[in-house]
Amino acid sequence: MLPLLDTSKIMAYTGARKSTIERVARCYKLTGKPCKESQSGNSGRTRMMDLEDIEYMHGHLSRSCDMYLDELRDEISQARGKHLSLSTIWKKVSVLTLQLL
């Protein structure tokens, strides 16, 4: 096992925060690897909308592009059984709009 440097020296070399260095060192001591490998390969929270939901929304907006966000949310809720926030709908609409440009 490699000798560990003092945390303050590592912070000076890398610019990383103390908590990050301690977490990596703790994980290295337990597993022999600097970071845990995730089971699925993805990290972070699960997505609220899958590809089918996005395709449904895109198709629905293609047919009637003058819907309000709350109307679109209600349509998705009835058709797909997903209860989404207006901000989630807005973010996906924004991404779809940018992809069409």
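FYI, it's all coordinate maths here, none of it is from the lab. Everything numeric here is computed off the predicted structure, so don't read it as measured data. FYI the Cβ positions are ideal-geometry reconstructions off the backbone, even for glycines, and counts take in every protein chain you see.
Can you work out the FRET efficiency for the pair R47 and D74, with r the C-beta to C-beta distance and R0 = 22 Å, to the nearest 0.05?
0.60
Can you give the extra length, in nm with one decimal, that the chain gains between S85 and S62 once fully stretched, where that is 0.36 nm per residue apart less the Cα-Cα distance?
Answer, rounded to one decimal: 6.2 nm.
Output ³J(HN,Hα) for segment 20-31: one whole-Hz value per residue in order, computed from phi by the Karplus curve 6.51 cos²θ - 1.76 cosθ + 1.60 with θ = phi - 60°, and x for Gly and Pro.
Working through the residues one at a time gives 5, 5, 5, 5, 5, 5, 4, 5, 4, 5, 7, 10 Hz.
Would you mind computing, in nm to one decimal, how far apart the modelled labels at S94 and V24 are, each placed 7 Å from Cα along Cα→Cβ?
3.1 nm
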